[in-house]
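Just so it is clear, none of the values below were taken in a lab; they were calculated from the coordinates. Keep in mind it's a predicted model, so treat the numbers as computed, not measured. Here the Cβ is made from the backbone with ideal geometry for all residues, glycine too, and neighbour counts use every protein chain on show.
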Amino acid sequence: MKIQDKLVTKLSINSDKIRGEQPDLVGNIVIGDVDYRIALWRKETIDGQREYYTGNVSRDGDKNAPKFKLKLYEFRKNSVDDPDLHSPKLCEIAEHKLFAYLWFRQTPPGAIEEFDITLEFSAERRPQKFAAEASLYQKHLRRRFSRAAATAIAEENEPDLDLTEPDDIP
C-alpha cells in the first residue's frame with residue numbers, strides 16, 4: 001500500500017513519566033490506515049557532547065504487536081527550518097520504509113503548550129550540510145575542476161601551431 005509522501009504528527013512531553021524507563025516523548029500517528037504509538041527516550045553520547053533519541057513505533061493498543069525501532073541523531077542544518085534530529089537510515093514500519101525528522105520549537109508566550117515538537121515521516125531524504133571533513137574534500141574537488149576548466153579554456157584559446165617541418169629547409 002502506498003502512503004503519503006509526508007506524514008506529520010505532534011509529540012508531547014510524557015507528563016506521566018515517573019521512572020527512567022518510561023519515554024520522554026510520546027505521540028500517535030496513522031500510517032497506512034493503522035494507528036501507531038510513538039515512544040522516544042532522550043539519550044546522550046558517551047562523551048556527553050550530543051543528544052540523540054531512541055525509541056519505537058508500535059501498533060496502538062496492541063501490546064503483542066511488533067515494535068519498530070526508531071533512532072534519531074543530530075541533523076547538520078543548512079537552514080533554520082531544517083529538523084533538529086533525523087534517522088540517517090530508512091525506518092521500517094510494517095511494510096513502509098521512511099526517514100524520520102524531529103523538530104523542537106519554543107512556542108510564543110501565552111501558548112497552551114510551551115514547546116512544539118513535530119515528527120515527520122517522509123519517503124524523501126533531506127540534504128544535510130556537509131560535515132567538516134566532507135567540506136574540505138568538496139573544496140578540493142572544486143579546485144581540481146576549476147584548474148581543469150582553466151587549462152581547457154587556455155588550450156582552446158591558443159592559436160593553432162603548425163608543427164610540421166616546412167619543405168624549404170635544406
What relative contact order, as a whole-number percentage, does region 6-122 give when Cα pairs under 8 Å and 6 or more residues apart are counted? 20
List the lysines whose Cα lies under 25 Å from the Cα of K129, skipping any in the same chain that are fewer than 8 positions away. K6, K43, K71, K77, K89, K97, K139
Name the residues whose placed amide hydrogens come within less than 5 Å of the amide hydrogen of N28, ignoring near sequence neighbours (fewer than 5 apart) on the same chain. I38
Test of understanding: what is the full-extension gain from I18 to R105, defined as 0.36 nm times their sequence separation minus their Cα-Cα distance? 28.9 nm
Measuring from label point to label point, each 7 Å out along Cα→Cβ, what is the K6 to S135 span in nm? 2.6
